[in-house]
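Report on the structure given below.
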Amino acid sequence: MVFLLALLSQVASLAATLFSLLLSWALFYHFSTTQMPAGIGQPLKVRILHVCSITVYCLGHILWQIGLCGRFTVLRLLVDGFPSRKDPSLFIKDTYFNTIPVRIYQPKEPSSEPRKGVIFFHGGGGTFGSIDAYESVCSYMARKSDSVVVSIGYRLAPEHHYPVQLNDCIAAAEYFMKNVEGFGVNPACIVLSGDSIGGMMAAFLAQELAKRKDLPKLRAQILVSPFLQALDFNCLSYQENRLVPFLSQNDFLHLMFLYISRNTSSTEIALSETHIPEEKRVIYQKWLNADDIPKELKARGFYQELQVSTCPLDNIHTLMKMITETHISPLIAEDAVIRQLPDTFILTCEYDVLRDDGLLYKKRLEDNGVKVSWCHLKDGFHGVFLLFNRLFLNFAFCQRGLDRVVSYINSL
């Protein structure tokens, strides 16, 4: 017994030492690589949470390297958090659309007419995030907008290779749209919505559904901090926010390439803008023009056009050919497709590398006659929905952003 207590004491001491080292490394990494813009919301809280997230990520990486868990196991546990208290005003049901897990949120209060239906794709770079992580968001949307909300639990990389995630979202959305009346939803009031990479999935799916005659026509799409193009990773928002928590430029590229190809070695090539052949760059440049970014959002930093390398990289061009397709870069869809899109709500955050994706898409939609509502959170950073209603993790701008989304749904 004495020996066992002594052993436990040694193990606890070792664990405490390792944790202290991890925390020290996280503090050093944060202060040496992170920039905190003056206007960001609640900067002290941001610093504390960023250090904690670095610590947890490093712990997960170590455990993965020694074979004790999957690459993203610890991060996913952190993001999913503790199970949320179920909203007593809603019927909440976990089920499957074919083989794809979904969670359905339906108001208990009887309705005299069919409700709106909101299909929601969560964020997380295609590698983490889940139905559970967005429980509070979907519950709030369903309750406040009196809508039926369907949250899609698509499979994640790197365990499941792209385009599995996108195919899951397409299949689940098709199933719901073919059976909307069985869920008490008006077929004329279906809304696609998504956060971050979920916004990309919603944008692409809206373009595809615009071509379909066998499914109800979408009423609207809601894109929250969406990732919409993989051609230019040095646009203004990437340059200004490349070291801002919680999604730095390198973090985003690491997740994106892992999502697309399970290979993160292309990050430096993408940053030097040699991943797109010059003949294609000329075609797409008209839709990636810095002049289309509102002038008031250019004041924080100096925008610099990077010099494109001329080194031959045919293998990289072959590898990255897929990112010039609209299923990864819906921003570059043809005008004929854009003109068919439904009314759109776009939410952007000032301190977000993906800010300009949303702004450039807004410009494209407006130029093609699509009605756009825009919400810009001047103190916000990436993760509006993921941080919503997380007790001490919550930020004021998260509530404002979600309330604007709810108001938009109510206006439809």
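What follows is calculated from the coordinates using simple rules that are stated; it is not laboratory data. As the structure is a computational prediction, the values presented were derived from the model and not from experiment. We place every Cβ from the backbone using ideal geometry, glycine too, and count neighbours over all the protein chains shown.
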Report task. Set the Förster radius R0 to 25 Å, insert the Cβ-Cβ distance between residue 29 and residue 171 as r into 1/(1 + (r/R0)^6), and round the FRET efficiency to 0.05. Result -> 0.05
Report task. In nm, give the distance between the simple-model label positions of residue 285 and residue 144, each being 7 Å from the Cα along the Cα-to-Cβ direction. Result -> 4.3
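Using a Förster distance of 45 Å, how high is the FRET efficiency between residue 254 and residue 186, based on the Cβ-Cβ distance and rounded to 0.05? Write down the numbers at each step before the final one.
Numbers: r = 42 Å, r/R0 = 0.92.
Calculated value: 0.60.
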Query - Pairwise FRET efficiency - residue 217 versus residue 374, Cβ, R0 = 35 Å, nearest 0.05 - result: 0.95
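Over the range 148-217, what is the relative contact order in percent, taking alpha-carbon pairs closer than 8 angstrom and at least six residues apart? Intermediate values should be presented prior to the final figure.
Working: 42 pairs, mean separation 19.6, N = 70.
It rounds to 28 percent for the range 148-217.
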Report summary line: Taking max minus min of the Cα coordinates of the range 89-412 on each principal axis, largest first, gives extents in Å of 63, 39, 38
Requested in this report: Only loop residues by DSSP count here, and only those with at most 11 other Cβ atoms within 10 Å; note down the GluC sites (Glu not before Pro) in the range 315-412 that meet that.
Outcome: 334
Query raised in the report: Using every alpha carbon pair in the range 27-148, what percent of pairs falls into each 5 Å bin from 0 up to the bin containing the largest distance?
Result: 2, 9, 14, 15, 16, 13, 12, 9, 6, 3, 1, 0
Report task. Beyond 21 Å between alpha-carbons counts as too far, so tell me which of 116/378; 93/217; 93/116 fall in that bin. Result -> 116/378; 93/217
Report summary line: Most exposed first, judged by fewest Cβ atoms within 10 angstrom, 402, 288 run 288, 402
Report task. Can you pull the one-decimal nm distance between simple spin-label points at residue 403 and residue 366, each 7 Å off the Cα toward Cβ? Result -> 2.5
